[in-house]
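The values are calculated or read from the model by the stated rules, or taken from the named source; none is laboratory data. Since the model is a prediction, treat every value here as computed from it, not as a measurement. Here the Cβ positions follow ideal geometry from the backbone for every residue, glycine too, while neighbour counts run over all protein chains shown.
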Amino acid sequence: MGKVIAIASGKGGVGKTTIAANLGIELAKYGKKVLLLDADLPMPNLAMLMGVRETSSTLNELLAGEKDIKKAIYKTYNVTLLPSDTSLEKFVEVKMDNFGAIMKALKGQYDFILVDTPPGLNEYTLEALSVADEILLVVTPDDFSVADAVKLKTAASSMQLEIKRMLINRVPKGGGLLKRGSSKAKKPHAIVTQLGAEILGAIPDDKNVGEATHQRKPVVAYKPKCDASKAFRVIARRLLKVLA
Ligand code: ADP
Ligand code: MG
């Protein structure tokens, strides 16, 4: 049975989609069968980041009752992508009732299913978290992001969902996180104390990520040797270890 890993955050724009895409591609390099599922139904953009343009059938059709999953999946960068529809018309029709059954059908076919979720507390996020084997909480090293993550973690906990690990994204360069007093960024020990989750990894703030996004490419494909790409490789290795 595959492992479902939900990539979640309290605050928006902290890097969930970026992490899902790049971590997925790195896990596939270990010979793992990886599915990237865009469960950010309100604002899906994983397909765009993966350079997939035409998405005739999507998660929206599966939720609406389409049974043929093959119609909604796309191969890219050695992973499989199951996108959501970007139109407002399709979004307003979405009902999550079939989500659990779809996940059950998918679980048998992949080693890892990375689920990109919307930020905050809403039915789409909570539905995705409830089917996950592992919830990776993404924070940036600032007060708002961490405070919002605490709220999401508390909500998850009230649903008996444990969040054990987090990723700190957009860590300032030059050891800003490590050198005491050298940066305005929150220090990792402060984030760990506030959130009560262990750090699975940290990803530096790297201009190559923005450039890659602009080119509709995941950074590990665009600049495999840059600092952010190196971090994604390390995190993929650690994830394989802790979930083994
Ligand atoms: P979310 O899915 O949480 O809303 P995204 O993955 O869409 O966040 O990222 C938001 C923006 O931040 C994007 O423009 C992305 O390129 C940028 N970004 C994400 N991670 C990094 C990073 N490590 N360094 C620099 N820019 C980043
Ligand atoms: Mg996103």
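Points worth noting:
- Scanning segment 68-124 for residues that are charged (D, E, K, R) and within 16 Å of ligand 2 (Cβ to nearest atom) yields a total of 2.
- Conditions (1) more than 27 Å from L121 (Cα to Cα); (2) not in a helix (DSSP H, G or I): number failed by L81: (1)
- So G12, is it of a type in the set (G, A, S), more than 11 Å from ligand 2 (Cβ to nearest atom) and either part of a loop (DSSP other than H, G, I, E, B) or at pLDDT 95 or above (or both): no
- For segment 20-60, filtering for residues that are among the acidic types (D, E), under 24 Å from K95 (Cα atoms) and either at pLDDT 95 or above or buried (at least 22 other Cβ atoms within 10 Å of the Cβ) (or both) leaves 2.
- Residues (in a helix (DSSP H, G or I) and crowded, with 17+ Cβ neighbours inside 10 Å) located in segment 209-232: V209, A212, T213, V219, V220, A221, Y222, D227, A228, S229, A231, F232
- Residue that is farthest from S9 (Cα to Cα), among those in segment 144-159 that are in contact with a helix residue (DSSP H, G or I) (Cβ under 9 Å, 6 or more places away or on another chain) and more than 12 Å from ligand 1 (Cβ to nearest atom): M159
- Only one entry of S130, S87 meets the criterion of being small (G, A, S), over 15 Å from K16 (Cβ atoms), away from ligand 1 (no atom under 16 Å from the Cβ) and out of contact with any Leu (no Cβ under 9 Å at 6 or more places or on another chain), and that entry is S87.
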